[in-house]
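Undergrad: Dropping the structure in here first, questions after.
The values are calculated or read from the model by the stated rules, or taken from the named source; none is laboratory data. Everything quoted here is computed from the prediction, not taken from an experiment. No Cβ is skipped: glycine too gets one built from the backbone with ideal geometry, and neighbour counts run over all protein chains shown.
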């Protein structure tokens, strides 16, 4: 009898675990927020924090942007996301494009301000129209995910393409993959090879892997055309 009770108890434990696992797996996954933040190089004047703060208080947009990064990254000060937002906003109000992008990233991630994808989209669009590659990439991602905007593969491809033309390796991978799959653009294997080749040349790991796979499946004509286009490519200079 004791042995039977142990077997029944073990069976119930397994049943409960299975049910719990099913309920956990059946829950919808929480959306993942991806914010691509490029490395920041602070100017030499950042070493003198008091002087930088004085310039920022006097209205210098570049100093305000640098001070925002200092508070965001915690350089020489304790990280303070609210202070970072305040300084980025003051610089963004003067149309400092780097501050506009940084403020968009903080709105997207909910750093120092409530998460607001629609405001992030507005800021990214402003900077993207000024030619900023990071903003173009982040805007493309919002359209891809339907975050703060109506989901649109064609709009995502449009902005990935612009960022790719600016030389961004992540965007080059994304648009290359989209040309391969025909996602938001008309499928074009030569264009796929071009963009993946450019991204791979910058060490973008996903492009290296996908390009190696395509070299064994695509026609020699597409491979040659894509390689030729990559050789003659010149990145669009920043505005």
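Undergrad: Can you report the number of residues in the range 204-227 which are touching a residue at least 12 places away in the same chain (Cβ under 8 Å), part of a loop (DSSP other than H, G, I, E, B) and over 28 Å from residue 155 (Cβ atoms)?
TA: Residues in the range 204-227 being touching a residue at least 12 places away in the same chain (Cβ under 8 Å), part of a loop (DSSP other than H, G, I, E, B) and over 28 Å from residue 155 (Cβ atoms): 1 in total.
Undergrad: Find the residue count for the range 172-210, including only residues that are within 22 Å of residue 139 (Cβ to Cβ) and out of contact with any helix residue (DSSP H, G or I) (no Cβ under 6 Å at 6 or more places or on another chain).
TA: The qualifying residues number 4.
Undergrad: Specify which of the listed residues (230, 235, 171, 200) is touching a residue at least 60 places away in the same chain (Cβ under 8 Å) and at negative phi.
TA: Working: 230 fails: touching a residue at least 60 places away in the same chain (Cβ under 8 Å); 171 fails: touching a residue at least 60 places away in the same chain (Cβ under 8 Å); 200 fails: touching a residue at least 60 places away in the same chain (Cβ under 8 Å).
Result of the check over 230, 235, 171, 200: 235.
Undergrad: Next question, about the same structure. Can you tell me which condition residue 155 does not meet? The list is (1) touching a residue at least 40 places away in the same chain (Cβ under 8 Å); (2) surrounded by fewer than 18 Cβ atoms within 10 Å (Cβ to Cβ); (3) not in a loop (DSSP other than H, G, I, E, B), and all the others hold.
TA: The failed condition is (1).
Undergrad: Looking at the range 62-71, is at least one residue buried (at least 17 other Cβ atoms within 10 Å of the Cβ), modelled with pLDDT of 95 or more, over 18 Å from residue 111 (Cα atoms) and more than 22 Å from the chain's Cα centre (by Cα)? So that I can check it myself, show each step before the final result.
TA: Step one: list which residues in the range 62-71 are buried (at least 17 other Cβ atoms within 10 Å of the Cβ), which gives 62-71.
Those left that are additionally modelled with pLDDT of 95 or more: 62-71.
So of that shortlist, the ones also over 18 Å from residue 111 (Cα atoms) come out as 62-63.
Among the residues that remain, those that are also more than 22 Å from the chain's Cα centre (by Cα) are: 62-63.
Looking through the range 62-71, at least one residue is buried (at least 17 other Cβ atoms within 10 Å of the Cβ), modelled with pLDDT of 95 or more, over 18 Å from residue 111 (Cα atoms) and more than 22 Å from the chain's Cα centre (by Cα).
Undergrad: Mind telling me which of the residues 126, 94, 108 ends up being in contact (Cβ under 8 Å) with a residue 24 or more places away in the chain and in a loop (DSSP other than H, G, I, E, B)?
TA: When all the criteria are applied, what remains is 94.
Undergrad: Can I ask one more? Looking at the structure I just gave you, is residue 134 in a helix (DSSP H, G or I) and buried (at least 24 other Cβ atoms within 10 Å of the Cβ)? Walk me through how you get there before you give the answer.
TA: Numbers: in a helix (DSSP H, G or I): yes; buried (at least 24 other Cβ atoms within 10 Å of the Cβ): yes.
Yes; evaluated as a whole, the condition is true for this residue.
Undergrad: In the range 160-187, which residues are crowded, with 23+ Cβ neighbours inside 10 Å and under 12 Å from the mean Cα position of the chain (by Cα)?
TA: Within the range 160-187, 160, 163, 168, 171, 174 qualify.
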